[in-house]
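The values are calculated or read from the model by the stated rules, or taken from the named source; none is laboratory data. Please read all numbers here as calculations on a predicted model, not as lab measurements. So basically every Cβ, Gly included, is an ideal-geometry build from the backbone, and we count neighbours across all protein chains shown. Surface accessibility is based on the protein's heavy atoms, side chains included, excluding ligands, DNA and RNA. Shrake-Rupley method; radii C 1.70, N 1.55, O 1.52, S 1.80 Å.
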Amino acid sequence: MAFPNTIYGKSGWEKAQTSGQKHKIGTRMTFDDGRAFRYVEVGAADIAAGAVVQAPAAVAHHDVDLAITTAASGVTSVTVTLEGTAATADQYKDGYLFINDGTTAGGEGHVYKIKSNAAGNSSSTCVITLEDDDPTVTALTNGTHLAGLVVNPYSNVIISPTTVSNVAIGVAPRLLTTDYYGWIQTWGPAAVLANAAGVIGQHVRVGGASTAGGTEDMDFDGTHENEQLVGVQMQIAPTSAADYGLIFLQISP
């Protein structure tokens, strides 16, 4: 089934959610006022309106340094050896295989889009099928090249935790229900839950403190300069923690 990569929507569409999938995960939706959104699969907990949304954390024993069975250049099937965690079928569908170690000339630094993957037992091999138009550029060699597996960042998304475990990818425009499909906002004016009073015109970053039940929300310049930038405070600034500020999001246009 084919899905469009971009939808041109209108106000209100971003608040729709369904128990069944309606679009390809990661589909982009834009409005004529410049706001942008991405289609996501919600993880194992509800996400409150205005909460910062994070991509799922990496899976231990899948994320880096996986041995690769020798594969020729120009192929779309790559076999990796999992470490101490099993993989389910299509766990990495629409995600990525990246070559994190080896030789630059022989494949190190390449990223490939995953079409599907077979189930794999702990400490056993797992067959990764790449997209038809994204075969290996060069040969991959057992004992030389090592790989990591990355889930689609818009699948099984979570509220950004107090200690971040992946990149912030947007803000929930409504309550998003566990295991449902819906939209997160990535660009333009958005109401965002704060953990401190705001200052108009300042950068807004992923915060380092908890507000409203352990969520990691937003913070302002001067305290967490190394945290991820998510936008700029607009004309309505939050006055305290657990308030909502109007932020011009600048995550993904």
> Using mean Cβ contacts within 10 Å as the protection proxy, how do 123-129, 179-185, 14-20 order, highest first?
Replying inline: 179-185, 123-129, 14-20
> What does the convex hull of the Cα atoms come to per residue for the range 12-81, in Å³?
Replying inline: 192
> By the scheme Lys and Arg +1, Asp and Glu -1, what is the net charge of all other residues having a beta-carbon under 15 Å from that of residue 24?
Replying inline: +2
> Can you tell me the accessible area per residue over the chain, all protein chains present, probe 1.4 angstrom, in square angstrom?
Replying inline: 45
>> Using Cα springs under 10 Å in a Gaussian network model of the chain, which residue among 55, 172, 147 shows the largest mean-square fluctuation?
In response: 147
> With all protein chains present, how much of the accessible area of the chain (probe radius 1.4 Å) comes from carbon and sulfur, to the nearest whole percent?
Replying inline: 53
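Give the Rg/Rh ratio for the range 84-175, taking Rg as the radius of gyration of the Cα atoms and Rh as the Kirkwood radius, to two decimals.
Reported Rg/Rh (Cα atoms, Kirkwood Rh): 1.03.
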> Any idea what % of Cα-Cα pairs in the range 8-133 are farther than 27 Å?
Replying inline: 35
> What whole-number value in cubic angstrom gives the convex hull volume per residue for the C-alpha atoms of the range 91-144?
Replying inline: 86
>> Looking at the chain as a GNM with Cα springs under 10 Å, which of 166, 152, 142 has the largest mean-square fluctuation?
In response: 142
> What is the chain by shape, rounded, prolate or oblate, if you read a ≥ b ≥ c off the alpha carbon gyration tensor as root eigenvalues and call it rounded for a/c under 1.5, prolate for a/b larger than b/c, and oblate otherwise?
Replying inline: prolate
